[in-house]
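Encoded as structure tokens, the structure appears first; notes follow it.
The values are calculated or read from the model by the stated rules, or taken from the named source; none is laboratory data. Because the structure is predicted, anything quoted here is derived from the model rather than measured. Neighbour counts run over all protein chains shown; Cβ positions are idealised from the backbone, glycine included.
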Amino acid sequence: MISPTALNGRRIAVTRAREQASELSTRLAGLGAEVIELPLITVRKSIDLDLLHEVLSELGSYDWIVLTSANGVRYFLEEFYRVFDDIRSLGLLRFAAVGDATAQAIRAYHLKVECQPKGATAEALADDLIATGSLDSAKVLVITGNLNREVLVTKLEEARAIVDRLQVYATEKTDLSQEPAAADFRSRGADAILFASSSAVQSFVDQAAALTLAKDAKRPLAGSIGPQTSETMKQCGMPIDFIAKTPSLDALIEALVKKLGK
């Protein structure tokens with residue numbers, strides 16, 4: 001169990017979207033940390049309404065619905081409930097999820113997750129779905145954002161699934177040049193900075209001018225939530241000082257505490 005004073009006196013920078021940062025920030029503050037929120041990305045609903053209508057009108061024909069983020073769960077089900085007033089309208093759809101956060105978001109709607117790989121990657125999810133033996137000629141709906149990689153859809157189609165994609169949100173970079181928190185980060189630095197997505201890593205690199213530390217500022221240790229985020233950090237030439245054992249906030253906090261405790 002992590003001590004409630006484990007992060008006393010530590011400054012931790014959180015790079016999640018503003019609407020997603022509160023849970024992580026609250027938990028870090030509860031361990032005694034001073035939290036600096038640097039919302040490097042913003043997430044907004046973004047849906048082609050004609051495509052949405054087409055998907056919802058054929059919802060009963062799908063065998064699987066695949067969700068790769070909690071944002072996808074939220075925005076898809078918001079639209080579902082806007083059109084339908086009964087959860088039974090989902091019919092016999094089976095749900096697949098990447099990662100604990102996505103699975104928890106699905107279960108919050110009292111829906112069962114029937115496929116969740118141990119490794120929270122698109123490749124692992126595709127492999128686990130293929131291993132069910134249910135994909136030959138099956139109709140699969142993949143809920144995406146604007147930055148989702150093609151590997152999941154490609155592997156499912158190679159397994160002879162009929163795959164439809166529905167984008168329900170867009171992830172965009174934010175401009176932190178005028179943010180007071182960014183000025184504070186530049187002047188004082190932090191003990192650690194946490195990255196929970198590849199898009200946040202890319203935005204951090206792209207906004208180097210707005211985030212370059214002063215000469216006497218503390219250089220933070222950089223933490224990654226999982227394999228895909230780590231891969232992007234490596235591609236951008238960023239150091240990785242610690243990585244969560246599993247792609248979850250619990251594991252990220254645990255890795256942070258362990259690293260700073262050394």
Would you confirm whether or not the stretch 235-255 contains a residue that is among the basic types (Lys, Arg) and not in a loop (DSSP other than H, G, I, E, B)?
no
Just wondering, is there one or more residues in the stretch 48-55 that are within 24 Å of Glu157 (Cβ to Cβ) and in contact with a Pro (Cβ under 6 Å, 6 or more places away or on another chain)?
no
Of the residues Arg44, Arg27, only one is under 21 Å from Lys173 (Cα atoms) and either free of Cβ contacts under 8 Å to residues at least 40 places away in the same chain or of a type outside the set (A, V, I, L, M, F, W, C) (or both); which?
Arg44
Could you list all residues from the stretch 236-249 that are touching a residue at least 12 places away in the same chain (Cβ under 8 Å) and either within 19 Å of Leu7 (Cα to Cα) or among the charged types (D, E, K, R) (or both)?
Asp241, Phe242, Ile243, Ala244, Ser248, Leu249
Residue in the stretch 112-135 that is surrounded by the most Cβ atoms within 10 Å (Cβ to Cβ), counting only those that are without any contact (Cβ under 8 Å) to a residue 24 or more places away in the chain and farther than 23 Å from Gly226 by Cβ
Thr132
Search the stretch 16-56 for residues being small (Gly, Ala, Ser) and touching a Leu at 6+ places or on another chain (Cβ under 7 Å), and hand back the single one that is farthest from Leu166 (Cα to Cα).
Gly32
Taking only the stretch 57-69 into account, find how many residues are within 20 Å of Val153 (Cβ to Cβ) and either assigned to a helix (DSSP H, G or I) or free of Cβ contacts under 8 Å to residues at least 12 places away in the same chain (or both).
3
Could you figure out which of (1) closer than 19 Å to Asp100 by Cα; (2) part of a strand (DSSP E or B) isn't true of Thr229?
(2)
Identify the residue in the stretch 187-198 that is out of contact with any strand residue (DSSP E or B) (no Cβ under 6 Å at 6 or more places or on another chain) and either under 28 Å from Thr246 (Cα atoms) or at pLDDT below 95 (or both) and, among all such residues, is surrounded by the fewest Cβ atoms within 10 Å (Cβ to Cβ).
Ser198
Complete set of residues in the stretch 15-25 that are part of a helix (DSSP H, G or I), under 20 Å from Phe204 (Cβ atoms) and not hydroxyl-bearing (Ser, Thr, Tyr)
Arg18, Glu19, Gln20, Ala21, Leu24
Which members of the stretch 58-117 meet the condition of being over 21 Å from Ala138 (Cα atoms) and acidic (Asp, Glu)?
Glu78, Glu79, Asp85, Asp86, Asp100
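Quick grid of which residues meet (1) under 20 Å from Arg149 (Cα atoms); (2) more than 18 Å from the chain's Cα centre (by Cα); (3) of a type in the set (A, V, I, L, M); (4) modelled with pLDDT of 95 or more:
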residue: Ala200; (1), (2), (3), (4): yes, no, yes, no
residue: Gln207; (1), (2), (3), (4): no, yes, no, no
residue: Ala210; (1), (2), (3), (4): no, yes, yes, no
residue: Leu221; (1), (2), (3), (4): no, yes, yes, yes
residue: Pro227; (1), (2), (3), (4): yes, no, no, no
residue: Leu260; (1), (2), (3), (4): no, yes, yes, no
Go through (1) touching a strand residue (DSSP E or B) at 6+ places or on another chain (Cβ under 7 Å); (2) on the phi > 0 side of the Ramachandran plot and name the single condition Arg160 misses.
(1)
Per-region count, the stretch 155-171, residues surrounded by fewer than 21 Cβ atoms within 10 Å (Cβ to Cβ) and either without any contact (Cβ under 8 Å) to a residue 24 or more places away in the chain or closer than 16 Å to Tyr62 by Cβ (or both)
9
Selection from the stretch 232-242 of residues under 20 Å from Thr68 (Cβ atoms) and aliphatic (A, V, I, L, M) yields Met233
Could you go through the stretch 26-42 and let me know if any residue there is part of a strand (DSSP E or B) and closer than 30 Å to Val83 by Cβ.
yes
